[in-house]
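Notes follow the structure.
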Protein chains: 4
Amino acid sequence: MSEIDYASTLESVHRDILPRLGDGAVADYIPALAAVPKDKFGMAICTTDGRVFSCGDAEETFSIQSISKVFALLQALDLVGSQALWERVGREPSGTAFNSLIQLESEHGIPRNPFINSGALVVTDAITAQCVDPASKTLGLVRRLAGNPDIHRDEEVARSEALYGHRNAAIAHMLKAQDNLKAPVSDVLDAYFRQCAIAMSCIDLARAFLPLANGGRFADGRTRAMSASRAKRVNALMLTCGLYDGVGNFAYRVGIPAKSGVGGGIVGVVPSKCAIAVWSPALDDEGNSKAGAQAFEWLAQRTDLSIF
Amino acid sequence: MSEIDYASTLESVHRDILPRLGDGAVADYIPALAAVPKDKFGMAICTTDGRVFSCGDAEETFSIQSISKVFALLQALDLVGSQALWERVGREPSGTAFNSLIQLESEHGIPRNPFINSGALVVTDAITAQCVDPASKTLGLVRRLAGNPDIHRDEEVARSEALYGHRNAAIAHMLKAQDNLKAPVSDVLDAYFRQCAIAMSCIDLARAFLPLANGGRFADGRTRAMSASRAKRVNALMLTCGLYDGVGNFAYRVGIPAKSGVGGGIVGVVPSKCAIAVWSPALDDEGNSKAGAQAFEWLAQRTDLSIF
Amino acid sequence: MSEIDYASTLESVHRDILPRLGDGAVADYIPALAAVPKDKFGMAICTTDGRVFSCGDAEETFSIQSISKVFALLQALDLVGSQALWERVGREPSGTAFNSLIQLESEHGIPRNPFINSGALVVTDAITAQCVDPASKTLGLVRRLAGNPDIHRDEEVARSEALYGHRNAAIAHMLKAQDNLKAPVSDVLDAYFRQCAIAMSCIDLARAFLPLANGGRFADGRTRAMSASRAKRVNALMLTCGLYDGVGNFAYRVGIPAKSGVGGGIVGVVPSKCAIAVWSPALDDEGNSKAGAQAFEWLAQRTDLSIF
Amino acid sequence: MSEIDYASTLESVHRDILPRLGDGAVADYIPALAAVPKDKFGMAICTTDGRVFSCGDAEETFSIQSISKVFALLQALDLVGSQALWERVGREPSGTAFNSLIQLESEHGIPRNPFINSGALVVTDAITAQCVDPASKTLGLVRRLAGNPDIHRDEEVARSEALYGHRNAAIAHMLKAQDNLKAPVSDVLDAYFRQCAIAMSCIDLARAFLPLANGGRFADGRTRAMSASRAKRVNALMLTCGLYDGVGNFAYRVGIPAKSGVGGGIVGVVPSKCAIAVWSPALDDEGNSKAGAQAFEWLAQRTDLSIF
């Protein structure tokens, strides 16, 4: 097997994507997100042997939004263990994105997976029930994984989310009514909105996801962030549930386990090879970064990184 | 047409219902309701010519719960008018009871009718947006309609509802997210829980509903509570939407427009003849008073009061 | 109570409706229906004391389509009795029109009421299981009720329905899979398509529905078409389930139990007073005759015929 | 990387699974399937370098049922091409299994993916529209892929399916009504039931799926069964959509793209390594072979075959 030339492939992807930037719509449900320029684009790759490649706005921080659901899941698994968590949330794709509330009604309060909002609220509740300051707990994990103590949350975004987050409040109250939320609704929502508001760069994100590509180990190959088995399983969850209603299409076109956020970020994991983060704020109809998904597709094709 | 003998019919219905009391389950989602003895039964009839007949516990007050949705509708129609209100809520039966949240998602925030919880929350919002103390405004209307200034709300029930009302909170936040709630969510919920907690007797309720049977006029035949046309229309809404998922069956068995509440009350309207209120706290599977529905059926059969 | 002047009210309604004819779309899912001129309009009233009033195209025959569901229900109740039939079909409004297949899945093969397609197929199956030629059996009942032996079915329409009726075939196969269809699927569909294709005039229809307004008796006041109780109950079913997703609105605006068909007919029943049939082929969004519903509304307002 | 010892791992899995055989229920919706003994178990592995390992009843043929959906997809892609097919069927997981009809209604006749029944019917229609004998066409492909001209279909199973297949008939008529079926309904159903009735052994199946693991090439490494890109994409579809409502859990526990059938077979593909087929007829609640899924999980764990 020939060596992958990450540097020049990244360069070619960057060059090809530039004319496409700006196509799609930036998330506008909160003012703080709507203000981000549409033509931003950054991409970073961290390899399991410790190299880092990047291009464009890869060092600029952005709101990770739903990508935080992966960090929250890892944190909750650490705190309450696998068995206790999977009794409260499923591991199946959700069908259509808008389904969360309908699905909660028909499945009696068990969200289908931890990467839809209802599931992430249950995950956040599991953390909230175990520690005084759940948002800081998860932020601490993020800093450790990325090896960057400067990662912070954007408090303006957190406040904005709380102000406009009526749909998430609806889901949280529904979960409470169905007895699948232990902490007070407002505490869970507060922690949830704050973890969504973490700001990171593509380089931070690729670094933080590297252990998932590296059998649970950091780039040094020795220190363990999680067990090898947990890394595999979280990757499987991302592949089947990581991109809402675009998950099947992304697997088909790209073939890399990934998680997206409405801030325009997508992070992918190629087992044994690398973690990849991309950021471009204009979204497609499913709420995934349009240029980001395209960049992933080209990268996967040109480097044969598909896991299939 | 021979005169209806309300007194002796009421007596016969009372006698026949006694052995059946206690069958069914009392609403237990809040402690204050769960404590009501199962074998309570009262019934009252107010005729359009001003007579009042009653039996059993007809003078004892109970929590009117969803029956308050009719009062709230009348109040909102007074305050904002027919046209403005029907732009925000529909007039169609809802299919299954549990549907409210699902239906909100698929119909973009327009509740199907004002007698399901989502619709009643929109109605309450219309009142809340027009006055400082919406709950007292509606209570004032209730007192005027019943001609009883002593009608009050049970504050313990109101507090209980607020404490356990996560499903209603979920619906209210969903309506807010869908831009069909103008006042703050907590204000609307507060007014809603307080109007549900109004306590009335069967005699109060039959009196308060009499104008709906009397072309909009009070029992004196002169003073108008509402237009004749509004009375007809609210009766039509009760017949098609007044008993959740038991509405078709009640129309089939009884044939009288009616509204029920989980406190065990049912109030019915027979145009040109009378208003009828019954109370018995044990409920059937659809959440309607079991003995109450049976009493209505017997009364309708024995007096030929069906509107069909 | 002053005498209702049916003749001049009908004349005024006819005059006012003429400028509105043609608004809406004629049902076009089969060629035979699509060919009917949009500006047709007829109306007929049969009173319980035997008078007949009519205007416009009231003597012209048209395809009764779903109005036949009332005749089929009466026929099935005659053949298998009330109890056996209501074990296989419910009596509740259906929520949204398009729900039939969804509802069948979630409620395990029990259609919500006999006036949606799934319910009517079960009703037709009950007839099919009892006689060799179910379509002719129901046609015989129609002729007896209308007192017109010349009523026939339009075989071209029946063939067209069969050719294009894939949605009904889907429902029938689903009912068979759920064990709520006894006769072979093709026999039931055949009988169903043929009863939908019965052609009648407004005068025929008003006559055929008169017993429902007359306590179960024909216009002679003596001969019985059905029991008084059955007449009441079928009227109740029409009011709550007779106009698909427009049922609540029709009750609100008109206040008369009625059944519509996509051929543009609507038949209503005013207990103790009259039966009313209207026909105008252009439909509103819910599939009910647009001019027909308007004519009903004006007639009800001008004569105070609302049952509420 | 050390060599995988397929032979001894297969032996250990076989030994461990024996005490568990018989747990679960055999599919009983058609008599021909219900008669299969519950304690059957076979497993076969074909490696990309041409070796074959097997144990238990790996040479015994069984009804492949939904596994045929993969063969039909490959056949349809050959006949009409990628673009034409993906206009008629989606590539997203379906959420709950029972959803198919509901989903068809709400998504206007575009099945979510080719591995649910509605999607497979559209795929079969694409084949049916291109050739006289679609079932034999697909059988021909199966024989070529497996290199076994003796593979046949079980005509008794095919007849049984047709006799009891009312749910599939319902779906097919619905697709026809929604204009997403070109051939006559009965032709499509006939071809569908016949392809489901193909009988194969584990060894046949593992051989037939090998090209999906081998970059599109047969075990000889030269002859091409399909393009490398198509192989990858079909693998991605299997991982996200191949096991109905158990797909997320299988990815989590096993981590291998796979397709199951109610006959008790599961076939998996490990890119660059091998194809694996297992058969054991007792099913879990999601309709997947219970012992088969367990055997896959053990095999993946003991050989580190997960793609994650």
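We did not get these values from a lab; they are worked out from the coordinates using the rules stated. A quick note: this is a predicted structure, and the numbers were derived from the prediction, not measured. So basically every Cβ, Gly included, is an ideal-geometry build from the backbone, and we count neighbours across all protein chains shown.
B:S229 meets all of the listed conditions (1) in contact with a strand residue (DSSP E or B) (Cβ under 6 Å, 6 or more places away or on another chain); (2) farther than 18 Å from B:F296 by Cα; (3) within 14 Å of another protein chain (Cβ to nearest Cβ); (4) of a type outside the set (A, V, I, L, M, F, W, C) but one, namely (1). All of B:A84, B:A44 fail the test of being surrounded by fewer than 22 Cβ atoms within 10 Å (Cβ to Cβ) and not in a loop (DSSP other than H, G, I, E, B), apart from B:A84.
The residues listed here are A:L18, A:L33; of these, the one that is of a type in the set (A, V, I, L, M) and either more than 27 Å from A:E156 (Cβ to Cβ) or assigned to a loop (DSSP other than H, G, I, E, B) (or both) is A:L18.
Test of understanding: among A:S94, A:S68, which residue is buried (at least 19 other Cβ atoms within 10 Å of the Cβ) and touching a strand residue (DSSP E or B) at 6+ places or on another chain (Cβ under 8 Å)?
Details: A:S94 fails: touching a strand residue (DSSP E or B) at 6+ places or on another chain (Cβ under 8 Å).
Being buried (at least 19 other Cβ atoms within 10 Å of the Cβ) and touching a strand residue (DSSP E or B) at 6+ places or on another chain (Cβ under 8 Å) holds for just one of A:S94, A:S68, which is A:S68.
Just one residue in the set A:S94, A:S118 is over 23 Å from A:A225 (Cα atoms), part of a loop (DSSP other than H, G, I, E, B), small (G, A, S) and within 14 Å of chain D (Cβ to nearest Cβ); that residue is A:S94.
Report whether or not B:F308 is buried (at least 22 other Cβ atoms within 10 Å of the Cβ), within 13 Å of another protein chain (Cβ to nearest Cβ) and under 23 Å from C:S227 (Cα atoms). Taking the combined requirement at face value, the residue satisfies it. Give the residues of the stretch D:3-41 that are hydroxyl-bearing (S, T, Y) and either within 22 Å of D:S54 (Cβ to Cβ) or surrounded by 16 or more Cβ atoms within 10 Å (Cβ to Cβ) (or both), sorted by residue number. Listed by number, the residues that qualify are D:Y6, D:S8, D:T9, D:S12.
I'd like to verify a number: residues in the stretch D:251-261 that are under 20 Å from D:S272 (Cα atoms) and more than 8 Å from chain A (Cβ to nearest Cβ), how many? Working first, answer last.
Here is the first cut: in the stretch D:251-261, the ones under 20 Å from D:S272 (Cα atoms) are D:251, D:254-259.
Checking which are more than 8 Å from chain A (Cβ to nearest Cβ) leaves us with D:254, D:256, D:258-259.
Total satisfying the criteria: 4.
The number of residues in the stretch B:230-247 being polar (S, T, N, Q) and free of Cβ contacts under 8 Å to residues at least 12 places away in the same chain comes to 0. Just one residue in the set D:D39, D:D28 is in a loop (DSSP other than H, G, I, E, B), in contact with a Leu (Cβ under 7 Å, 6 or more places away or on another chain) and within 25 Å of D:E161 (Cα to Cα); that residue is D:D39. Within the set D:S12, D:S63, D:S68, the sole residue that is among the hydroxyl-bearing types (S, T, Y) and farther than 30 Å from D:R159 by Cβ turns out to be D:S12.
The C-beta contact set for the stretch B:285-302 (first residue within 11 Å of B:S260 (Cα to Cα), second residue of a type in the set (S, T, N, Q) and buried (at least 18 other Cβ atoms within 10 Å of the Cβ), distance under 6 angstrom, 6+ apart or interchain) comprises B:N288/B:S260; B:S289/B:S280; B:G292/B:S280. Within the stretch D:145-183, restricting attention to residues that are in contact (Cβ under 8 Å) with a residue 60 or more places away in the chain, surrounded by fewer than 18 Cβ atoms within 10 Å (Cβ to Cβ) and farther than 19 Å from D:P114 by Cβ, the residue that is farthest from the other protein chains (Cβ to nearest Cβ) is D:G147.
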